[in-house]
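Accompanying notes for the structure given below.
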Amino acid sequence: MEAVASDGRKQRWEKHKQDRRAELTTGTIEAVRALGADAGMDDIARHIGVSKTVLYRYFADKNDLAAAVTLAYVESTIMPRLIEALSGDIGDYHLVQATISVYVETVSSDPNVYRFTMARPSGSRPVAADAEKIFAGALESTLDARFAARGAQVAGARTWARAIVGATTRSVEEWITDPDRSSTEITDELTMLIWSGLVGIVAAGGDPKAFAADPPKLPRSSDPTSVSRTTSGPDPRP
């Protein structure tokens, strides 16, 4: 009976600890929104209305707290919006544009939380890296389906998905730290880069050897209409 009672107390304590961690994590998100990404543990505790000792009771250090905030931010905000965008029943070009736009707008609407979580140099980076793998996995599935529908090989889908996620997250990370252009401009620039790459992949049937044997030619002048295409056919944009 004593063992059963002890197990019951342990389970109640674990539930209390998890619930309290969740409350403090939510409070930290609000604190960071108000105080900025560089807020220290003293500032965060004061904003939440607890002592710093309470924070350290539930989190080993600031990196542990940042990791918890990153996980909550990814699961509650970034991931649902990206999955919804990737699941949209729209044409290929607009899907690329919409997905990038969703990521950029989500970050730009909550820059302090993003910098505290996804853009931290350490601590929460393993969680952020895991989140990027999840993003890439979702994108890989979308590329598989869309490329296969066009008769292209999909063996490189994982590489392409990771490259797209890496380019997007690193570019947005730099931009949110030094926003030298509008969210629309960086969305358009990333869309241009990623869409042109996807068009090249599909034009080569998803085959790297075919692509290398006859790569798209750069224009000889500044006139964008002078781009030489290696394959003919309908415009890939819907």
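For residue 170 paired with residue 42, estimate the spin-label separation in nm (one decimal), with each label point 7 Å from Cα along the Cα-to-Cβ line.
3.7 nm
In nm, give the distance between the simple-model label positions of residue 159 and residue 18, each being 7 Å from the Cα along the Cα-to-Cβ direction.
The modelled label-to-label distance comes out at 4.1 nm.
Calculate one ³J(HN,Hα) per residue across the range 85-99 by plugging θ = phi - 60° into the Karplus curve 6.51 cos²θ - 1.76 cosθ + 1.60, and present them in order as whole Hz with x for glycine and proline.
Calculated HN-Hα couplings, in order: 5, 5, 8, x, 8, 10, x, 4, 4, 5, 5, 4, 4, 5, 5 Hz.
Could you go through the range 172-180 in sequence order and give the Karplus-derived ³J(HN,Hα) for each residue, using 6.51 cos²θ - 1.76 cosθ + 1.60 with θ = phi - 60°, rounded to whole Hz, and x for Gly and Pro?
Using θ = phi - 60°, the values come out as 5, 4, 5, 5, 5, 7, 9, x, 8 Hz.
Of 69, 54, 102, which has the largest mean-square fluctuation in a 10 Å C-alpha GNM of the chain?
So, out of 69, 54, 102, the one fluctuating most is 54.
Show that you can apply the helix-only estimate: for the chain, add -39,500 (n - 2.57) for every DSSP H stretch of four or more residues, divide by all residues, and state [θ] at 222 nm to the nearest 500. It would help to have the intermediate numbers written out before the result.
On the way: 11 runs with 167 residues, N = 238.
Helix-only estimate at 222 nm: -23000 deg cm²/dmol.
Bear in mind that the values in this text are calculations on the coordinates, not laboratory data. If you're wondering where the values come from, they're calculated on a predicted model, not measured in any experiment. Neighbour counts run over all protein chains shown; Cβ positions are idealised from the backbone, glycine included.
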